[in-house]
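Sending over a structure as structure tokens; questions will come in a sec.
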Amino acid sequence: MIILTGDVHHAIARHAEEIYPNECVGLLLGRIAGMRTEVEDVFPAPNRWTAEVGLTPTDADHSQRDRFYLDPRDYLRADRAANARGLDVVGCYHSHPDHPAVPSPRDLTGAQAIGSGSRFVFLIQSVHRGHAAELTAWLLVDDGARFVAEEMR
Amino acid sequence: MAVTVTIPTALRQYAGGHASITLPAGSVGQILATLREQYPQLGKQLYNDQGALRSFVNVYVGDEDIRHLQGVETHVADGETVSIIPAIAGGVMVLHGERCTVNVRYGWKECCYAASHALQ
């Protein structure tokens with residue numbers, strides 16, 4: 001179960017709309033307690049994708065409209081901000097501009113550093129013609145082989 | 001003479017649930033080797049079968065990526081912090097070579113169907 005507290009849902013939607021038509025990215029700050037991941041705040045990060053950080057040579061044909069990259073320095077900043085508040089980085093979010101809120105094969109490839117079986121959650125915010133649409137939650141399972149949808153409220 | 005190694009949330013399950021681990025000072029390579037000895041499952045997440053750090057694993061000493069220092073030979077002084085940081089990336093699905101948008105070749109419903117099908 002993923003619990004979004006306070007303004008988290010709206011904060012992600014606003015970020016995704018602001019960055020549209022590009023993909024946005026950010027981290028989720030909160031607590032993991034047993035099977036519950038509670039998200040208390042978001043840490044918006046710049047989308048630092050460039051062709052140089054692409055996952056394959058064909059990425060040169062893409063842009064931040066269909067690719068995102070979370071720079072480790074931004075993860076480090078988020079981690080420090082979380083720790084200062086007694087929280088942890090418990091997940092990440094990104095947007096799918098004009099695309100459904102389901103993980104892509106590229107999302108799966110780019111999530112391999114997380115390992116599977118943890119409660120680290122991946123949120124995907126769909127943006128339809130500039131307006132935030134569906135927000136979905138996913139966990140990485142089977143040794144990183146696939147995402148499964150997770151209940152969220 | 002000790003340093004602190006911070007473990008990202010998602011990998012703590014492989015490190016006894018610890019958020020940070022105190023280890024003797026030394027090079028990054030020595031510190032990570034000790035970490036692997038203590039937590040073999042964590043080691044498998046950090047290193048590939050050839051014994052090299054996985055490309056999506058970032059190691060920072062203080063605020064600096066060891067790739068911009070001396071790599072695993074980077075010396076970590078007493079009191080410094082080594083941070084293990086996962087790389088995260090992604091991007092929307094490309095459908096038949098075309099980006100999937102409502103404005104071009106494929107409609108929203110077709111996009112949803114294709115994306116869901118690809119997920120299975």
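Readers should treat all values here as calculations from the given coordinates under stated rules, not as data from a laboratory. Since the model is a prediction, treat every value here as computed from it, not as a measurement. So basically every Cβ, Gly included, is an ideal-geometry build from the backbone, and we count neighbours across all protein chains shown.
What's the average, rounded to a whole number, of partner chain beta-carbon atoms within 10 Å of each residue's beta-carbon in A:110-123?
The mean count of partner-chain Cβ atoms within 10 Å per residue comes to 6.
Going by alpha carbons, how many degrees (0 to 90, nearest 10) lie between the helix axis of A:72-84 and the longest principal axis of chain A?
Roughly 20 degrees, rounded to the nearest 10.
Sticking with this structure for a sec: From the Cα gyration tensor of chain A, with a ≥ b ≥ c the square roots of its eigenvalues, which class applies: rounded if a/c is under 1.5, or else prolate if a/b is larger than b/c, or else oblate?
Cα axes put chain A in the rounded bin.
At 0.36 nm per residue, minus the direct Cα-Cα distance, what do A:Val141 and A:Asn83 gain on full extension? Give it in nm, one decimal, please. The partial results should precede the final answer.
On the way: separation 58, 0.36 × 58 = 20.88 nm, distance 2.64 nm.
In short, 18.2 nm is gained.
On to the next question. Just to be sure I understand: of the beta bridges DSSP finds with both ends in the protein assembly as shown, what percent are antiparallel, rounded to 5?
Here the antiparallel bridges make up roughly 75 percent for the protein assembly as shown.
If neighbour count is taken as other Cβ atoms inside 10 Å, put A:Trp138, A:Trp49 in order from fewest to most.
Ordered from fewest to most neighbouring Cβ atoms within 10 Å, A:Trp138, A:Trp49 come out as A:Trp138, A:Trp49.
What net charge is computed for the residues neighbouring A:Pro44, neighbours being all others with C-beta under 14 Å from the C-beta of A:Pro44, Lys and Arg scored +1, Asp and Glu -1?
Counting the neighbours of A:Pro44, the net charge comes to -4.
If you don't mind, another one. Only counting other Cβ atoms within 10 Å, I'd like A:Met35, A:Met1 sorted with the fewest neighbours first.
If I rank by nearby Cβ atoms, fewest first, I get A:Met35, A:Met1.
Further question on the same structure: Against the longest principal axis of chain A, how steep is helix A:8-19, in degrees 0 to 90 to the nearest 10, with axes from Cα atoms?
20 degrees
If you take every residue apart from B:Ala2 with its C-beta less than 15 Å away from the C-beta of B:Ala2, what net charge results, scoring Lys and Arg +1 and Asp and Glu -1?
Net of charged neighbours comes to -2.
How large is the helix-only mean residue ellipticity at 222 nm for chain A, computed as the sum of -39500 (n - 2.57) over DSSP H runs with n ≥ 4, divided by its residue count, in deg cm²/dmol to the nearest 500?
-6000 deg cm²/dmol
Can you tell me what share of the DSSP beta bridges in chain A is antiparallel? A percent to the nearest 5 is fine.
For chain A, the DSSP antiparallel bridge percentage is about 70.
In 10 Å bins starting at zero, report the fraction of Cα pairs in region A:58-146 per bin as a rounded %.
So the P(r) values, bin by bin, are 15, 42, 36, 7, 0.
Spin-label point model (7 Å from Cα, Cβ direction): what's the B:Thr34 to A:Arg36 distance in nm?
3.8 nm
Still on this structure, I have one more. Taking Cα pairs under 8 Å and at least six residues apart, what relative contact order does chain A come out at, in percent?
On the way: 328 pairs, mean separation 39.4, N = 153.
Value for chain A: 26 percent.
Next question. What's the center-to-center distance, using Cα atoms, between region A:24-46 and region B:1-75 in Å?
23 Å
Please identify, among A:Pro97, A:Pro21, A:Pro72, the residue showing maximal mean-square fluctuation in a Gaussian network model of chain A using a 10 angstrom Cα cutoff.
A:Pro72
For B:Ile7, A:Ile12, what ranking results if the residue with the fewest other Cβ atoms within 10 Å of its Cβ goes first?
With the fewest neighbours first, B:Ile7, A:Ile12 line up as B:Ile7, A:Ile12.
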